[in-house]
């Protein structure tokens, strides 16, 4: 897949990435076979960027990803992981992880954004994945830990990057305000933005995306379905927005966007995947995918043409900000 390069680095993540939170048993258990199948289907479809984190299933996602990639050519892969949560033995296990993932709680997470924590986290990630290196390393969910993340974690990541241990560094979260600070005030090359540049929420246009363009830095867009509301051709009753039930206004807005997509022969999920890449600072869209079938479906959606008239109509109906850049028309569809 064609890709943009993360500014200032040689790292090219590809247009579409596989996010592995579901491979860590997010919400429900997943078999090893299904996890392997998802990674294999992504590889076969040309996906070469795989994002993971210690947080996902208390290391399970990293172990599964590493196993599935073990026989793949390493130089063709771009793998990212994250720091900020160390996994340590749980002295008082209760049975299952209380934090979204259906896994045993024999380990627990400890927040640590110190230099030592960064180095320990990276070492543990390399051990779990069995990989020789991580290409992109993000500070993960540092919402309540700005000072330590900015003063200790990012300088440690910069040392690793400058020594050639990792290719690019940055931060990942949903707060555009804090991600903007990471771009402006630290050595971050790239940020992973969750859910704040989508068909339903373009708030990143107020701060983060202009900063990225101004500074020549890059953005990876995740959460582009807003946790589910944009994931179906027609949002069902009970669809979620940012991991909670969507209210009536959001549900109605999503249906109006779906109306426009259908009128022009495309689908709501296809437009949701395509939209973020219209901004020049966005180098990749990464989707959390659980099975081979989900991967094949979303890859097909990512290749579905979205006519320029979709964006025009969304703007005319007040469903898309006028200042939001949109993807260039697909020559094959013109």
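Here are the numbers for this structure:
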{"item": "Given (1) closer than 30 Å to residue 73 by Cα; (2) under 20 Å from the mean Cα position of the chain (by Cα), index of the condition residue 180 fails", "result": "(1)"}
{"item": "Residues of region 314-332 classified as surrounded by fewer than 19 Cβ atoms within 10 Å (Cβ to Cβ), in a helix (DSSP H, G or I) and at pLDDT 95 or above, total", "result": "2"}
{"item": "Conditions (1) farther than 23 Å from residue 53 by Cβ; (2) buried (at least 23 other Cβ atoms within 10 Å of the Cβ): number failed by residue 216", "result": "(2)"}
{"item": "Subset of region 243-277 (residues that are farther than 23 Å from residue 18 by Cα and touching a strand residue (DSSP E or B) at 6+ places or on another chain (Cβ under 7 Å))", "result": "246, 250"}
{"item": "Top-ranked residue in region 128-145 [being over 17 Å from residue 80 (Cβ atoms) and touching a helix residue (DSSP H, G or I) at 6+ places or on another chain (Cβ under 9 Å); ranked as surrounded by the most Cβ atoms within 10 Å (Cβ to Cβ)]", "result": "145"}
{"item": "Breaking point among (1) in contact (Cβ under 8 Å) with a residue 24 or more places away in the chain; (2) farther than 20 Å from residue 323 by Cβ, for residue 245", "result": "(1)"}
{"item": "Those residues of region 268-306 which are over 18 Å from the mean Cα position of the chain (by Cα), surrounded by fewer than 19 Cβ atoms within 10 Å (Cβ to Cβ) and not in a helix (DSSP H, G or I), in sequence order", "result": "303, 304, 305"}
{"item": "Any chance residue 66 is at pLDDT 95 or above, assigned to a loop (DSSP other than H, G, I, E, B), in contact with a helix residue (DSSP H, G or I) (Cβ under 9 Å, 6 or more places away or on another chain) and surrounded by 13 or more Cβ atoms within 10 Å (Cβ to Cβ)", "result": "no"}
{"item": "Residue 47, sole failed condition from (1) at positive phi; (2) in contact with a helix residue (DSSP H, G or I) (Cβ under 9 Å, 6 or more places away or on another chain)", "result": "(1)"}
{"item": "Region 128-149: number of residues that are over 21 Å from the mean Cα position of the chain (by Cα) and more than 18 Å from residue 110 (Cα to Cα)", "result": "2"}
{"item": "Candidates 10, 24, 17 - the one that is surrounded by fewer than 13 Cβ atoms within 10 Å (Cβ to Cβ), in contact (Cβ under 8 Å) with a residue 40 or more places away in the chain and under 29 Å from residue 146 (Cα atoms)", "result": "10"}
{"item": "Boolean, residue 221 is modelled with pLDDT of 95 or more, closer than 25 Å to residue 173 by Cβ and in contact with a helix residue (DSSP H, G or I) (Cβ under 7 Å, 6 or more places away or on another chain)", "result": "yes"}
{"item": "Checklist (1) touching a helix residue (DSSP H, G or I) at 6+ places or on another chain (Cβ under 8 Å); (2) surrounded by fewer than 22 Cβ atoms within 10 Å (Cβ to Cβ) applied to residue 39, failing item", "result": "(2)"}
{"item": "Output for region 73-103, where each listed residue is touching a residue at least 40 places away in the same chain (Cβ under 8 Å) and over 28 Å from residue 146 (Cβ atoms)", "result": "74, 77, 102, 103"}
{"item": "Matching residues, region 95-121, being surrounded by 18 or more Cβ atoms within 10 Å (Cβ to Cβ) and within 19 Å of the chain's Cα centre (by Cα)", "result": "101"}
{"item": "Filtered residues of region 257-267 (kept if at positive phi and in a helix (DSSP H, G or I))", "result": "none"}
{"item": "Matching residues, region 225-242, being touching a strand residue (DSSP E or B) at 6+ places or on another chain (Cβ under 6 Å) and surrounded by 23 or more Cβ atoms within 10 Å (Cβ to Cβ)", "result": "226, 229"}
{"item": "Test: residue 254 is part of a strand (DSSP E or B), closer than 21 Å to residue 310 by Cα and touching a residue at least 40 places away in the same chain (Cβ under 8 Å)", "result": "no"}
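Rundown of residues vs (1) closer than 30 Å to residue 215 by Cβ; (2) assigned to a loop (DSSP other than H, G, I, E, B); (3) under 14 Å from the mean Cα position of the chain (by Cα), yes/no style:
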{"position": "6", "(1), (2), (3)": "yes, yes, no"}
{"position": "9", "(1), (2), (3)": "yes, yes, no"}
{"position": "12", "(1), (2), (3)": "yes, yes, no"}
{"position": "18", "(1), (2), (3)": "yes, no, yes"}
{"position": "30", "(1), (2), (3)": "no, yes, no"}
{"position": "35", "(1), (2), (3)": "no, no, no"}
{"position": "39", "(1), (2), (3)": "no, no, no"}
{"position": "43", "(1), (2), (3)": "no, no, no"}
{"position": "50", "(1), (2), (3)": "yes, no, yes"}
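The values are calculated or read from the model by the stated rules, or taken from the named source; none is laboratory data. Note that this is a predicted model, so its numbers are computed, not measured. No Cβ is skipped: glycine too gets one built from the backbone with ideal geometry, and neighbour counts run over all protein chains shown.
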